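Bear in mind these aren't lab numbers, they're just calculated from the coordinates by the rules spelled out. Because the structure is a prediction, the values reported are computed rather than measured. For neighbour counting, all protein chains shown are included, and Cβ atoms are generated from backbone atoms with ideal geometry for every residue, glycine included.
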Amino acid sequence: MIEIAERAGLTKSTFFRHFRDKREVLFGGGAVAGLLADGIGAAPAGAGPLDAVAHALDVIGEQVFTPDRREFGARRSAVIAANPELREREALKELALTAAMTDALKRRGFADLTARVAAELGALACTVAYERWRDAADRGDFGDIARRTLREVQAASASC
């Protein structure tokens, strides 16, 4: 951890002010969950639940999944895939993202089950879009990839 701090040009104490532990560097605290919730809250009036989720996916695309972070995303995924403890932490983070979206949708007035289903579909779309975005073969903007993926997830769920 000291090496991580030194490579980042930080002292150990400064590092711990920003991250609980060294693994948190890969997970970013609750920043993405907050952005998703804020994005849902800022969706246009009258937006349906999946439209509000799509708006939130655009927000994280603009603020988190920017082109300059694509390479980091690929390396991050490889590190997580190689470590069972990190895979577990990633799963917990995904649950927190879904919960944040569910709560934000409920605050917009959607029924509990509607909010939960939309959040689950949104979380699945976000995961698949992230995989596609970090793939060198798809150089599109994260927001565009996420919206396309959300439509595909919605179509797939309708065919079930």
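Assorted remarks:
- Taking packing as the residue-averaged number of other Cβ atoms within 10 angstrom, the listed peptides 88-99, 65-76, 112-123, 48-59 run from highest to lowest as 48-59, 112-123, 88-99, 65-76.
- Residues in the stretch 59-72 carry Karplus couplings, in order, of 4, 5, x, 6, 9, 10, 8, 8, x, 6, 9, 4, 4, 4 Hz; the curve used is 6.51 cos²θ - 1.76 cosθ + 1.60 with θ = phi - 60°, and Gly or Pro positions show x.
- The local environment of L124, defined by Cβ-Cβ distances under 15 Å, has a net charge of +1 under the rule Lys, Arg +1 and Asp, Glu -1.
- Mean Cα-pair separation over length for the stretch 43-160, i.e. relative contact order, pairs under 8 Å, 6 or more apart, %: 35
- Ratio Rg/Rh [Cα only; Rh per Kirkwood] for the stretch 72-158: 1.02
- Listed peptides 33-45, 148-160 by packing density, highest first (mean Cβ within 10 Å): 33-45, 148-160
- Note, ³J(HN,Hα) from phi for the stretch 108-117, Karplus 6.51, -1.76, 1.60, rounded to Hz, x at Gly and Pro: 7, x, 6, 4, 3, 5, 4, 4, 5, 5
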